[in-house]
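Working notes, beginning with the structure itself.
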Amino acid sequence: MGTSELDSVQNKILAMAGQVYSEAILSCQLSWSTIWHIIILFCSEISCCITSAKSNLS
């Protein structure tokens, strides 16, 4: 797993989180469903990273 690959994933996560966050602020409600949505997106991105890192190592 290269550094640039990690950076692009990190940027993607930040972009998604920022988008969801700004949308929530615009609608003036950061509800629990929105928070769970962010957490689920974040976790799925991380698990993708881990999976690809493992396959690169093996």
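Checking each residue in the range 1-33 for being among the β-branched types (Val, Ile, Thr), over 30 Å from Leu57 (Cβ atoms) and either loosely packed, with under 10 Cβ neighbours inside 10 Å or at pLDDT 75 or above (or both) picks out only Val20.
Within the range 37-54, the set of residues being within 19 Å of Lys12 (Cβ to Cβ) and not β-branched (Val, Ile, Thr) comprises His37, Leu41, Phe42, Cys43, Ser44, Glu45, Ser47, Cys48, Cys49, Ser52, Ala53.
The values are calculated or read from the model by the stated rules, or taken from the named source; none is laboratory data. The shown structure was predicted, so the numbers you read here are calculated from the model rather than taken from an experiment. Ideal geometry is used to build each Cβ from the backbone, glycine not excepted, and the neighbour counts take in all protein chains shown.
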